[in-house]
1. Of the residues 57, 67, which is at pLDDT 95 or above and under 30 Å from residue 4 (Cα atoms)?
2. Go through segment 30-82 and report how many residues are outside any helix (DSSP H, G or I) and closer than 24 Å to residue 13 by Cβ.
3. Let me confirm something: among 84, 52, 36, which residue is touching a Phe, Trp or Tyr at 6+ places or on another chain (Cβ under 9 Å) and modelled with pLDDT under 95?
4. Answer yes or no: is there a residue in segment 61-69 that is surrounded by fewer than 17 Cβ atoms within 10 Å (Cβ to Cβ) and touching a residue at least 24 places away in the same chain (Cβ under 8 Å).
5. Considering only segment 70-91, how many residues are surrounded by 16 or more Cβ atoms within 10 Å (Cβ to Cβ) and either β-branched (Val, Ile, Thr) or in contact with a Leu (Cβ under 7 Å, 6 or more places away or on another chain) (or both)?
Amino acid sequence: MAELFESGRVVDLILALMMLEAVVLIALARAFPGQLRLAGLLYNLAAGACLLLALRAVLSDAGWLVAGAWLALALVAHLADLNLRLRPSRN
């Protein structure tokens with residue numbers, strides 16, 4: 001179990017589950033149009049995935065530049081998510 005964490009493979013497993021979650025959310029959004037704010041959910045997942053990839057970069061000694069790039073992308077996805085959440089709703 002320790003090897004799973006030390007190698008960063010645990011991140012790969014979590015990312016696979018997140019991809020499955022995205023597929024389920026897309027399927028639900030298509031099945032129930034207008035019920036889910038899919039873009040915000042996907043931005044949120046993207047931000048989380050970028051944070052996980054930054055963690056994996058650190059665990060695998062990829063260097064601070066790679067980890068920093070993933071963190072910057074996480075910020076972009078987070079800001080996109082916030083933009084959607086804070087935008088006034090159209091009723």
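The values are calculated or read from the model by the stated rules, or taken from the named source; none is laboratory data. All figures in this text were calculated on a predicted structure; none of them were measured in a lab. Neighbour counts are summed over all protein chains in view; Cβ atoms, including those assigned to glycine, are modelled from backbone coordinates with ideal geometry.
1. Values: 57 fails: at pLDDT 95 or above.
It is 67.
2. Of the residues in segment 30-82, the ones outside any helix (DSSP H, G or I) are 32-37, 60-63.
Subset that is closer than 24 Å to residue 13 by Cβ: 60-63.
Number of matching residues: 4.
3. The unique qualifying residue is 84.
4. So the first thing to find is which residues in segment 61-69 are surrounded by fewer than 17 Cβ atoms within 10 Å (Cβ to Cβ), and the list is 61-66, 68-69.
Those left that are additionally touching a residue at least 24 places away in the same chain (Cβ under 8 Å): none.
There is no residue in segment 61-69 that is surrounded by fewer than 17 Cβ atoms within 10 Å (Cβ to Cβ) and touching a residue at least 24 places away in the same chain (Cβ under 8 Å).
5. Counting residues in segment 70-91 that are surrounded by 16 or more Cβ atoms within 10 Å (Cβ to Cβ) and either β-branched (Val, Ile, Thr) or in contact with a Leu (Cβ under 7 Å, 6 or more places away or on another chain) (or both) gives 2.
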